[in-house]
Amino acid sequence: MGLFYEKFFRGRFFRLDSEVAHERGVQGMALLSALPPLCRALEAWARLPAGTRPVEAFGLKFPNAVGLAAGFDKNAEAWPAAAALGFGHVEIGTVTALAQPGNPKPRMFRYPAQEAVINRMGFNNEGAAAVAARLAKQAGPGKRRIPLGINLGKSKVTDIEKAAEDYLASFALLADHADYLVLNVSSPNTPGLRQLQDESRLRELLGAVTRANRERAEKPGKRRVPVLLKIAPDLTWPQIDAALGVIAEFGLDGIIATNTTLARPGFFATVNETGGLSGAPLRVRSTQIINYIARATGGRLPIVGVGGICDAAGAGEKLDAGATLVQVYTGMVYRGPFFAAELARALADRQQT
């Protein structure tokens with residue numbers, strides 16, 4: 001399926017502006033979501049062989065290890081079709097408390113020869129209230145084909161000193177709809193956001209969210225939602241150690257490693273576009289960080305590995321480094337909509353050998 005996409009469809013998509021092509025992809029997946037019989041048929045085709053063990057992490061079961069990373073379906077429009085494409089989970093967002101248009105266009109750029117993308121989208125989304133209203137009309141936790149994560153970020157207009165309040169506003173609106181939540185403090189495209197990775201600010205944010213989560217679970221009919229932290233690949237080892245210390249202090253359920261990078265290796269040293277670089281150039285660094293976290297935590301902290309997965313070898317590399325699950329996005333841009341199904345099969349075959 002991947003070769004078919006690359007031969008017959010990728011060229012057509014790549015003649016479109018990057019963001020327009022992305023919007024067409026979301027629209028196509030949303031249309032598929034509106035056709036449940038077709039979704040079920042495709043899901044049956046993508047399903048792994050009987051006897052394949054599900055992946056268990058942070059109290060959830062995943063039919064396979066491959067997820068759709070945040071950034072594709074920002075507003076919960078298309079995710080119900082993810083299982084039909086072979087994904088074992090999907091993460092929507094990033095969602096902010098306030099609706100926002102994001103950064104000025106153009107803001108997404110493809111580099112096919114490098115299998116990479118630079119984006120400076122800036123958390124463009126409809127806001128937590130609108131996303132919560134849409135999710136309320138869709139299958140909820142416990143009734144879904146696959147787990148749904150919701151990635152939360154800070155609204156651009158919110159001062160960094162009030163970041164915790166901003167995340168709490170989104171948490172209050174979206175926790176009921178999430179199988180797990182992610183605190184995104186690592187996008188390079190919202191001014192000041194990465195300051196939230198500093199130990200003192202991170203302690204304030206995680207303390208506020210975990211307290212709200214605990215208080216929520218004490219209410220009748222409510223449950224504690226697993227919470228993960230998404231970090232940048234540009235942190236130093238001491239900074240990662242500090243973040244892991246805060247994660248342990250507040251008992252977070254996992255970590256996502258990593259977001260896009262501000263580094264400009266090799267070919268990209270002469271590229272002038274600002275924003276986060278994703279795709280193949282990020283592969284080595286993200287794997288190094290996964291391995292470092294796995295060793296630093298003795299394998300006790302579930303890791304979702306993201307960054308530069310363009311084939312089964314790249315996905316397997318992340319799992320070998322210590323990841324429990326992996327996520328893709330840029331790889332799907334270059335390999336097509338059934339990339340997840342191909343990866344999941346390859347990883348399942350690998351599990352049997």
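Brief remarks follow.
- The relative contact order of the range 33-110, computed from alpha carbon pairs under 8 Å that lie at least 6 residues apart in sequence, is 30 percent.
- Mean separation of Cα contacts under 8 Å (6+ apart) over length of the range 2-352, as relative contact order %: 18 percent
- ASP198-GLU23 pseudo-label distance in nm [points 7 Å out on the Cα-to-Cβ vector]: 3.8 nm
- Residue (of LEU168, GLY51, PRO188) at the positive-pole extreme of the range 2-352, dipole from beta-carbon charges: GLY51
- DSSP beta bridge pairing in the chain, given as percent antiparallel to the nearest 5: 30 percent
- Over 24 Å between alpha carbons, listed pairs LYS143/LYS222; LYS222/LYS318; LYS74/LYS219; LYS162/LYS230; LYS105/LYS318: LYS222/LYS318; LYS74/LYS219; LYS105/LYS318
- Considering helices alone, the calculated mean residue ellipticity of the chain at 222 nm is -12000 deg cm²/dmol, with DSSP H runs of length four and up weighted by -39500 (n - 2.57) and normalised per residue.
- Using only alpha-carbon positions in the chain, the gyration tensor eigenvalues give semi-axes of 27, 24, 22 Å once each is multiplied by 5 and square-rooted (largest first).
- The range 240-304: trypsin sites (Lys or Arg not before Pro) in DSSP coil with no more than 14 other Cβ atoms inside 10 Å: ARG300
- Per residue, the average separation of C-alpha pairs within less than 8 Å and at least 6 apart gives the range 149-222 a relative contact order of 33 percent.
- Protection proxy ranking of 111-121, 214-224, 237-247 - average other beta-carbon atoms within 10 Å, highest first: 111-121, 237-247, 214-224
- FRET efficiency, ALA248 to ALA41 (Cβ-Cβ, R0 41 Å, nearest 0.05): 0.35
- ASP73 long-range amide H proximity, modeled H, under 5 Å: GLY93
- Protection-proxy order for peptides 27-38, 128-139, each taking the mean of Cβ atoms within 10 Å per residue, highest first: 128-139, 27-38
- Contour minus Cα-Cα distance for ALA263 and ARG12 (0.36 nm per residue): 87.4 nm
- ARG295 paired with GLU161, simple spin-label distance in nm, labels 7 Å along Cα-to-beta-carbon: 4.2 nm
Every number in this text was worked out from the coordinates using simple rules, so none of it is lab data. Note that the structure is a prediction, hence the values are computed from the model and not measured. Neighbour counts are summed over all protein chains in view; Cβ atoms, including those assigned to glycine, are modelled from backbone coordinates with ideal geometry.
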